[in-house]
Amino acid sequence: MPATYPTPPPPPQVFIAGDNGEAKASVAEVARVMGFHPVDWGSLQASRDIEDVPLKFMPSWKRPVAVVFGLFVFLWLLAFLSFQICFNLYLGGWEWGWKHLGMQNFNRVIAILALWTLSFCYIPGPLGTSDRGGPGSPAVASRRRASRRPRWPTMATLLVCRVNVISALKTFCRTYGTSAIRGAQLQSQYPKEVKIVEVGPRDGLQNEKALVPTDVKIEFINMLSRAGHKAVEVTSFVSPKWVPQMADHSEVLTGIKRFSGVSYPVLTPNLKGFQAAVAAGCEEVAIFGAASETFSKKNINCSIAESLQRFQAVMDAARESGIRVRGYVSCVCGCPYEGPVDPKAVAKDPPDSENEKQFTSALYFAEKHAGFIIHISPDVYGVGLPASKATSE
């Protein structure tokens with residue numbers, strides 16, 4: 001039997017238009033050398049018709065645009081349900097995530113839509129060249145007619161394509177799977193909610209040598225509230241003899257504007273200060289202890305044991321008045337006077353010896369009154385580095 005060979009497809013056409021015959025002949029020769037078939041469309045006016053030729057290959061552009069737009073709406077609604085509705089239902093509130101609608105949600109949807117669109121464009125190619133339909137399938141017949149190469153490279157091409165797809169999937173799973181696992185591990189290490197208390201009006205101003213006018217303090221606090229702070233410690237009800245800057249505590253507390261959803265605690269180191277704060281309209285107070293004996297004497301002019309007795313009186317009065325109390329235990333990482341603090345000084349369990357009780361009972365006191373006090377362990381002068389914290393743990 002005589003051998004039969006498939007008819008090669010015609011070379012791609014190149015449309016030429018112009019008023020100069022020599023120029024068109026030169027361009028046609030270049031096209032032939034490059035393997036194209038030149039087609040003369042006549043004068044230069046025909047160039048407008050040539051520009052419209054690509055549009056003839058996309059007669060149904062409205063349908064792809066509608067599909068892409070529909071995918072965008074679907075993905076945006078899916079992101080809205082995932083990151084706003086479901087996440088807020090999980091947290092039990094409706095204050096998180098709404099500001100991300102315009103930026104993060106849009107960027108996520110655009111990225112996913114781009115990947116999906118590219119998949120719709122490239123995946124049909126490998127599927128169309130698959131031999132699953134048999135030798136007589138339309139896909140294989142179309143491929144044979146459109147290809148100049150013999151049939152033998154087909155399986156190699158398919159294998160390379162499938163290997164590339166598998167490699168891409170492995171890379172995707174390795175990258176995003178590892179990131180998801182790390183994200184879940186990091187998320188489990190951190191609390192679900194962190195409350196930031198701005199103490200600038202109290203702690204930031206109390207060491208200023210020049211007295212700050214009362215109206216300036218009030219405006220400072222109002223600016224912090226307008227900036228979005230949910231808790232602003234406004235002043236300290238201490239003796240003007242020790243802290244002259246806080247002598248106008250009552251005027252500041254009564255003169256500020258109370259914003260909705262913002263708490264305005266004040267520092268009350270003893271019962272007298274607590275009573276004055278309540279008389280001025282305070283709804284939340286803070287007590288300030290230390291894990292360092294020297295710091296306690298320098299800061300509040302009493303020992304740790306004496307400070308706990310004062311705090312006990314404040315806690316009893318706050319319980320009767322229904323006032324919220326927030327407790328500080330400072331110098332948990334180090335003391336500017338004593339140096340590094342023993343990790344036992346910040347233990348939760350009550351110690352056995354009487355000496356250890358002086359610097360450990362502060363935290364035990366905070367846990368004893370759970371429900372009435374929020375325990376905070378601040379680093380006073382910047383020694384709470386990760387390495388020192390890990391050693392303490």
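The values are calculated or read from the model by the stated rules, or taken from the named source; none is laboratory data. Since the structure is predicted, the reported quantities are computational estimates derived from the model, not experimental observations. Virtual Cβ from ideal backbone geometry, glycine too; neighbours counted across all protein chains shown.
List of remarks:
- Residues considered: Val285, Val252, Val278. Of these, the only one that is within 30 Å of Tyr337 (Cα to Cα) and either among the β-branched types (Val, Ile, Thr) or free of Cβ contacts under 8 Å to residues at least 12 places away in the same chain (or both) is Val285.
- Residues that are within 17 Å of Leu267 (Cβ to Cβ) and of a type in the set (Asp, Glu) within the range 212-242 comprise just one, Glu233.
- Residue that is nearest to Ala286 (Cα to Cα) [pool: residues in the range 318-356 that are at pLDDT below 80 and acidic (Asp, Glu)]: Asp349
- Scan of the range 266-291 for residues that are crowded, with 24+ Cβ neighbours inside 10 Å and not hydrophobic (A, V, I, L, M, F, W, C), ordered by number: Thr268, Pro269, Gly289
Every residue, every condition in (1) exposed (fewer than 12 other Cβ atoms within 10 Å of the Cβ); (2) at pLDDT below 85; (3) not in a loop (DSSP other than H, G, I, E, B), yes or no:
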residue	(1), (2), (3)
Met1	yes, yes, no
Thr4	yes, yes, no
Pro8	yes, yes, no
Ala23	yes, no, yes
Met58	yes, yes, no
Val73	yes, no, yes
Phe80	no, yes, yes
Phe83	no, yes, yes
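- The set of residues from the range 199-244 being in contact (Cβ under 8 Å) with a residue 12 or more places away in the chain, part of a loop (DSSP other than H, G, I, E, B) and over 36 Å from the mean Cα position of the chain (by Cα) comprises Glu208, Leu211, Val212, Phe237, Val238, Trp242, Val243.
- Among the residues making up the range 208-246, those that are of a type in the set (Phe, Trp, Tyr) and modelled with pLDDT of 90 or more are Phe220, Phe237.
- Every condition in (1) under 24 Å from Val194 (Cβ atoms); (2) modelled with pLDDT of 90 or more holds for Ile256 except the one numbered (1).
- Those residues of the range 247-268 which are in contact with a helix residue (DSSP H, G or I) (Cβ under 8 Å, 6 or more places away or on another chain) and closer than 13 Å to Arg326 by Cβ, in sequence order: Tyr264, Val266, Leu267, Thr268
- Flag if Ile196 is in a loop (DSSP other than H, G, I, E, B) and under 30 Å from Glu338 (Cβ atoms): yes
- Long-range neighbours under 9 Å by Cβ, at least six apart or interchain, first residue without any contact (Cβ under 8 Å) to a residue 12 or more places away in the chain within the range 301-323, second among the polar types (S, T, N, Q) and surrounded by fewer than 15 Cβ atoms within 10 Å (Cβ to Cβ): Cys302/Gln309
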